[in-house]
Every structure is written in C-alpha cells, then in structure tokens.
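Contents: one structure, followed by commentary.
The values are calculated or read from the model by the stated rules, or taken from the named source; none is laboratory data. If you're wondering where the values come from, they're calculated on a predicted model, not measured in any experiment. Note that we place each Cβ from the backbone using ideal geometry, even for glycine, and neighbour counts take in every protein chain shown. Just so you know, the surface numbers come from the protein's heavy atoms only, side chains and all, with ligands and any DNA or RNA stripped out. Shrake-Rupley method; radii C 1.70, N 1.55, O 1.52, S 1.80 Å.
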Amino acid sequence: MPKQRLLRTEPETPPPRPVLAEDPPRFLLLEREVEIEYRPPMLAALQSKVDAVADAARNTAPGCPHCGQPMRHQDTRPVSWLARFGRLHALVSRYRCRPCRYECRPLLDLLGVEPGRISGALARLLALLATVAPYPLAARLAWLLLGVTISPMGIWRVAQRLGEAATHYTDALSRYHADSRSTGAPTEGAPAAVVLGVDGCNLGMQVRSKRRHRKQGETLPPLPPIEEGRFREVKTGVLLLPSERVEPSPGRRSLVRRFLVTCLGDADAIFARLYAQLRELGWVGTHTVVVIVGDGAEWIWNRATMFARRCEILDFWHALEHAWGFAQLRYGEGSAQADRWVHEIAEDLRAGKVPEVITRLERLRPKTAELRESLQALIGYYRENAGRMRYDEYLRLGYGIGSGAVESAHKQVVHARFRQAGMRWSEAGARRLLALRLLLLNDNWALLDRLRMVSLAG
Ligand SMILES: [Zn+2]
C-alpha cells in the first residue's frame with residue numbers, strides 16, 4: 001500500500017516553514033537607493049540637452065515642403081513626453097503654410113518624439129519586452145527590469161507604434177526589390193548555393209474586422225462567438241548558406257547564421273520578401289543555385305520557378321511520412337515489421353534509389369482495396385516528386401535534405417509568441433509584432449533606431 005509506505009518515511013514533526021530575512025541584504029538596498037537617486041540628475045542632464053536643441057532650433061521658420069515658401073509661426077505650446085529617466089518638457093512651435101494647408105512642429109520632428117507618448121530608449125525597451133512576452137507579462141517585466149509602471153495596454157501601444165515603423169520599412173523594401181529597375185547589393189561574392197525554406201501555420205484572428213464605433217444612443221449588435229473566429233496563415237521563410245552549417249558536436253547541427261522573413265497570408269508576399277532579402281544580402285549571383293526545400297505544398301514549387309538556377313528538394317521526412325502511412329496500414333500500427341520496412345525505404349531513398357523503390361512498390365500485391373489505394377497514392381507521390389528526391393546528390397553537395405531549419409525558425413518566430421493559449425490577433429497587431437520579432441531574431445534590433453516613426457491614429 002503506497003500510502004502507508006509514504007507515511008513511514010515522513011519525519012515525526014512536520015518540516016518548519018522556511019524563514020524569511022527581516023530585510024533585503026544591505027548591499028541590495030544601497031544599489032536600489034543609488035538607482036533612485038541617480039535618476040533626477042540624469043533626467044536633469046537630459047532635459048538640459050533637450051533645451052539646448054530647442055534653443056538652437058528656435059526662431060528658424062522652416063520652408064514649406066510643398067511650395068517652398070517660408071512658413072508662418074502659428075503658436076508655441078508646452079509639450080511633454082516620457083523617457084527612460086522620467087518626463088521631459090519643451091516649448092514647441094507650430095508653423096503653418098496656409099495655401100498648402102500644411103502644419104508642422106519641426107522641433108518634435110527633429111527630436112523624433114511624440115507629445116504625451118513614451119519615447120526614445122524607453123519605448124524601444126518596452127517594445128523589446130512586448131516582442132518576447134505577452135503584454136501583461138511584459139508590463140510586469142517593465143516594472144521588475146526598468147522600474148517603470150505601465151499597463152499592458154501602454155506596452156501594446158508602444159509596440160504598435162514601433163512595429164508599424166518596422167512593417168513600413170519591410171514592405172517598402174519588398175516593393176523596392178520587386179521593381180526590375182532597383183539595384184541589390186553587389187553579387188561578386190555571391191555564394192555557390194543558398195538554401196531557402198518556407199513554413200506556415202494558422203494564427204487565431206479576432207473576429208472584428210473594424211473597430212466598433214458607437215453613435216449616440218445606438219446599441220451595437222452582440223459580438224459573434226469566438227468559435228466563428230477566422231484564421232489567417234502566417235508564413236516564415238528562412239535563408240541560409242549550406243557552407244555555414246556546422247556540427248559543434250556529433251549529431252548536433254547548428255547554423256552560423258540565418259535570415260528570416262515573415263508575413264501574414266499571401267504566398268506571393270513571402271516570396272517577395274525572400275527575394276528582397278536575397279537582394280539585400282547580394283546572395284544570388286549568376287552562378288548561385290537556389291536550393292528550395294519544401295514539404296510538398298504546391299504553392300512553394302509554383303513560386304520556386306522564379307529562380308532560374310534552382311534545385312527543388314522534397315523534405316526527406318515528408319517523403320518518409322507517406323511510406324509510414326502505407327506501412328502502418330499494411331503491417332499494423334507500431335509493429336516491428338512496419339518499422340523495418342520503412343527503414344529499408346529510408347535507406348534506399350537516402351542512397352538516391354528512387355526508381356528502385358518505385359519498382360519494388362509496384363511489385364507489391366496488396367490484398368485489400370484500402371491497401372491498394374494507399375499504395376497507389378504512395379507510388380504516385382514518389383513518381384511526381386522523383387526529381388526532388390535525389391537525396392544522395394543533395395547530401396554530397398551539402399544542401400541538406402530536411403526542412404528542420406525552417407520548421408524550427410517558424411516555431412521561434414510564431415509559435416513561441418503568437419500561439420499561446422487563448423491568443424487572438426488583429427491583422428495590424430500581428431503584422432506589427434511579427435515585424436518587431438523578426439528584427440530581434442535576425443539580430444537587427446538596432447535598425448529600429450534608424451526607422452522613421454509613423455503616427456498612428458488613436
Ligand atoms: Zn506651402
């Protein structure tokens with residue numbers, strides 16, 4: 001009887017409750033003191049630098065960007081914004097060009113801050129937290145790491161603004177490279193081969209497509225139940241060089257670097273992004289073979305044709321999965337015989353013996369209609385993809401035979417942040433956060449410092 005045995009091993013008296021120290025360690029208190037004391041002079045120092053910039057910019061009326069005429073001074077108002085060390089203030093002049101109906105506040109543009117908003121380093125740090133953790137958790141981390149009190153909604157707002165800037169940039173870059181007149185990075189150093197993979201999954205979307213505005217007295221219809229929620233496919237593409245695959249210890253493969261792209265929905269869009277990234281890197285020269293690893297999804301092969309010099313590879317594990325389906329039907333699920341049979345197929349496929357495998361399959365005489373159908377499907381699949389199953393050659397060339405790299409990349413980009421329990425996304429919200437997450441995972445977070453912020457309505 002397990003319970004009695006458990007009782008026997010328990011001590012006669014229950015273990016005491018662990019004791020908490022009366023106070024935190026003295027040194028920790030000193031550190032915290034200094035942190036708090038430090039802020040006011042830092043804030044004051046930053047404020048005086050801002051004042052200096054404001055003074056220098058004062059009394060210089062800007063020219064209208066539309067007509068070139070000097071603009072008229074409209075008014076000057078105090079403006080404040082929140083930064084890493086506290087709230088900053090400035091007197092900001094507004095200028096106007098009446099004929100063009102154009103207004104601007106040059107000092108705010110110069111500083112790159114928005115009135116009443118969180119700006120600068122603090123905004124970037126908060127967005128970084130939102131990129132790795134759900135908004136409520138990010139808000140808690142903001143307090144623990146930065147000593148900043150902010151609501152999950154506040155974190156969300158910052159992430160939207162910075163994410164929009166990142167999205168704008170990526171979209172513009174894709175459009176730029178999609179134009180035949182654009183120039184990419186020099187391709188003299190282009191690699192002999194570059195591996196490209198794509199993976200996708202569904203993202204739970206919010207049902208509302210538009211924000212609901214209530215007019216006076218109007219009652220809104222009830223929201224549709226969550227079951228009716230739509231799903232959108234989010235796709236991740238990965239680019240890597242076969243020469244940069246390393247094996248730090250036997251069986252443990254890793255990559256020196258890889259470049260990720262992502263988008264919501266459209267198959268053409270993900271390939272436009274992959275293409276733009278390839279051009280940015282200068283990775284496709286006249287002799288470069290673009291190796292495309294796919295899971296058999298037709299949309300990948302259809303778009304692969306945009307690369308003249310290419311090598312299409314059917315992911316090895318997907319090829320085997322089909323054999324498994326038949327083997328389990330024929331020999332029984334989990335049987336040793338099924339195991340052996342698939343193992344043999346795997347070895348032959350790896351050795352590049354696709355025609356032999358097909359011939360062997362054709363010689364089988366299954367007894368039931370279900371088995372015959374399953375076998376025919378398997379043979380058809382191998383015949384159709386035979387040209388993408390020269391695994392011996394791919395291994396010899398160092399291209400690899402699996403889509404593991406893209407699958408793990410996709411999980412890192414999407415699953416780890418976007419597919420947690422109960423998460424529902426708005427189209428814009430998902431796009432913006434995906435763009436930020438990509439900057440982080442591509443080790444390109446610093447790009448955010450050089451992006452033009454876009455003002456969002458609301
Ligand atoms: Zn004007």
Item to check | Matching residues in segment 332-347 - criterion: being open to solvent by less than 90 Å² (accessible area, probe 1.4 Å) and more than 20 Å from Gln376 (Cβ to Cβ) | outcome: Gly332, Gly334, Ser335, Ala336, Asp339, Ala346
Item to check | Long-range neighbours under 9 Å by Cβ, at least six apart or interchain, first residue open to solvent by less than 70 Å² (accessible area, probe 1.4 Å) within segment 362-373, second small (Gly, Ala, Ser) | outcome: Pro366/Ser374
Checklist outcome for this item: Checked Ala446, Ala430 against criteria (open to solvent by 50 Å² or more (accessible area, probe 1.4 Å) and within 25 Å of Arg117 (Cα to Cα)); the one match is Ala446
Checklist outcome for this item: Filtering segment 5-28 down to residues that are assigned to a helix (DSSP H, G or I) and open to solvent by less than 70 Å² (accessible area, probe 1.4 Å) yields Leu28
Checklist entry - Quick one: what pairs do we get from segment 146-175, first residue over 14 Å from Asn444 (Cβ atoms), second part of a loop (DSSP other than H, G, I, E, B) and not charged (D, E, K, R), C-beta under 7 Å, 6+ apart or different chains? => result Gln160/Leu456; Arg161/Met453; Arg161/Leu456; Glu164/Val454; Glu164/Leu456; His168/Val454
Next on the checklist: Is it the case, given these coordinates, that Arg330 is more than 28 Å from the chain's Cα centre (by Cα), in contact (Cβ under 8 Å) with a residue 40 or more places away in the chain and more than 28 Å from Arg396 (Cβ to Cβ)?
Outcome noted: yes
Item to check | Scope segment 420-450; condition in contact with a strand residue (DSSP E or B) (Cβ under 9 Å, 6 or more places away or on another chain) and either in a helix (DSSP H, G or I) or of a type in the set (Ser, Thr, Tyr) (or both); matching residues | outcome: Ser426, Glu427, Ala430, Arg431, Leu433, Leu434, Ala435, Arg437, Leu438, Leu441
Checklist entry - Is it true that some residue in segment 172-191 is surrounded by 15 or more Cβ atoms within 10 Å (Cβ to Cβ), in contact with a strand residue (DSSP E or B) (Cβ under 7 Å, 6 or more places away or on another chain) and on the phi < 0 side of the Ramachandran plot? => result no
Item to check | Pairs where the first residue, in segment 294-311, is among the β-branched types (Val, Ile, Thr) and the second is open to solvent by less than 50 Å² (accessible area, probe 1.4 Å) and not in a helix (DSSP H, G or I), C-beta under 6 Å, 6+ apart | outcome: Ile300/Val198; Ile300/Gly294
Next on the checklist: Checking the structure you have, find out if any residue of segment 151-164 is within 16 Å of the ligand (Cβ to nearest atom) and surrounded by fewer than 18 Cβ atoms within 10 Å (Cβ to Cβ).
Outcome noted: no
Checklist entry - Any idea how many residues of segment 97-117 are open to solvent by less than 70 Å² (accessible area, probe 1.4 Å) and not in a strand (DSSP E or B)? => result 11
Checklist outcome for this item: For segment 65-76 the number of residues that are farther than 18 Å from Val92 by Cβ and either without any contact (Cβ under 8 Å) to a residue 24 or more places away in the chain or open to solvent by less than 70 Å² (accessible area, probe 1.4 Å) (or both) is 3
Item to check | Residue in segment 125-133 that is within 20 Å of Arg419 (Cα to Cα) and surrounded by fewer than 20 Cβ atoms within 10 Å (Cβ to Cβ) present | outcome: yes
Checklist entry - So which residues in segment 336-395 are in contact with an Asp or Glu (Cβ under 7 Å, 6 or more places away or on another chain) and in a loop (DSSP other than H, G, I, E, B)? => result Ala351, Gly352
Next on the checklist: So if I check each of Leu314, Leu329, which one is crowded, with 22+ Cβ neighbours inside 10 Å, modelled with pLDDT of 90 or more and not polar (S, T, N, Q)?
Outcome noted: Leu314
Checklist outcome for this item: When (1) out of contact with any helix residue (DSSP H, G or I) (no Cβ under 8 Å at 6 or more places or on another chain); (2) closer than 24 Å to Ala192 by Cβ; (3) surrounded by fewer than 17 Cβ atoms within 10 Å (Cβ to Cβ) are applied to Glu298, the one that fails is (2)
Item to check | Filtered residues of segment 52-96 (kept if within 16 Å of the ligand (Cβ to nearest atom) and either assigned to a strand (DSSP E or B) or within 14 Å of Leu110 (Cα to Cα) (or both)) | outcome: Ala61, Pro62, Gly63, Pro70, Arg72, His73, Gln74, Arg94, Tyr95, Arg96
Item to check | Exclusive hit being within 25 Å of Pro242 (Cβ to Cβ) and acidic (Asp, Glu), set Glu370, Glu407 | outcome: Glu407
Checklist entry - Within segment 251-260, which residues are within 16 Å of Leu438 (Cα to Cα) and open to solvent by 10 Å² or more (accessible area, probe 1.4 Å)? => result Arg257, Arg258, Phe259
Checklist entry - Just checking, how many residues over segment 192-222 are at pLDDT 90 or above and open to solvent by 30 Å² or more (accessible area, probe 1.4 Å)? => result 1
Checklist entry - Out of curiosity, is Glu31 open to solvent by 60 Å² or more (accessible area, probe 1.4 Å), touching a residue at least 24 places away in the same chain (Cβ under 8 Å), more than 16 Å from the ligand (Cβ to nearest atom) and not hydrophobic (A, V, I, L, M, F, W, C)? => result no
Next on the checklist: If I filter segment 407-427 down to residues being open to solvent by 40 Å² or more (accessible area, probe 1.4 Å) and hydrophobic (A, V, I, L, M, F, W, C), which single residue comes out as nearest to the chain's Cα centre (by Cα)?
Outcome noted: Ala416
